[in-house]
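Worksheet: one structure, shown below.
The values are calculated or read from the model by the stated rules, or taken from the named source; none is laboratory data. Only a predicted model underlies this, so the values are computations on that prediction, with no experimental measurement involved. When we count neighbours, we look across all protein chains shown, and the Cβ atoms used for this are built from the backbone with ideal geometry, even at glycine. With ligands, DNA and RNA removed, areas are computed over all heavy atoms of the protein, side chains included. Shrake-Rupley method; radii C 1.70, N 1.55, O 1.52, S 1.80 Å.
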Amino acid sequence: QVQLVESGGGLVQAGGSLRLSCAASGRTFSTYAMGWFRQAPGKERDFVAWITRNGGVTDYADSVKGRFAISRDNAENTVYLQMNSLKPDDTAVYYCAAKRDVPSIRRAQYDYWGQGTQVTVSS
């Protein structure tokens, strides 16, 4: 069992930055690939980024490439999402998720989810 708690969301102006954190419980964090997803009002929960278990490989949705960066600290059981050059379209609830073994862009394949943190980008 893995419990995930996101933090770091808030209100920011367009062009600004935020850093989201996701703290995981348990001693098996390094055995999970981690992902970030987001859900805007009235829309589905979409893939944002994933990172492999050792942090060596990452992948991003086209909409955030070059602006967002995912990273992890296995010693601290934490995964991060650095978000730069934010746009109003980035407004959503952001969720972190854990998946055994290899990462995926498919939300249905993730085993554990956090409760989410709201990110609002004003124009």
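Annotations for the structure displayed:
- The range 5-24, subset more than 16 Å from the chain's Cα centre (by Cα) and surrounded by fewer than 16 Cβ atoms within 10 Å (Cβ to Cβ), residue nearest to Val119 (Cα to Cα): Leu11
- Residue in the range 55-62 that is touching a residue at least 60 places away in the same chain (Cβ under 8 Å) and in contact with a strand residue (DSSP E or B) (Cβ under 9 Å, 6 or more places away or on another chain) present: no
- Selection over the range 64-116 of residues that are assigned to a helix (DSSP H, G or I) and under 23 Å from Thr31 (Cα atoms) gives a count of 3.
- In the range 27-51, the qualifying residues are those that are under 11 Å from Asn74 (Cα atoms) and open to solvent by 10 Å² or more (accessible area, probe 1.4 Å), and the one that is modelled with the lowest pLDDT is Arg27.
- Residue in the range 66-78 that is under 12 Å from the mean Cα position of the chain (by Cα), over 20 Å from Gly10 (Cβ atoms) and open to solvent by 60 Å² or more (accessible area, probe 1.4 Å) present: no
- Number of the condition not met by Asp59 [criteria: (1) touching a helix residue (DSSP H, G or I) at 6+ places or on another chain (Cβ under 8 Å); (2) surrounded by fewer than 20 Cβ atoms within 10 Å (Cβ to Cβ)]: (1)
- Conditions (1) among the β-branched types (Val, Ile, Thr); (2) surrounded by fewer than 15 Cβ atoms within 10 Å (Cβ to Cβ); (3) in contact with an Asp or Glu (Cβ under 9 Å, 6 or more places away or on another chain): number failed by Ile105: (2)
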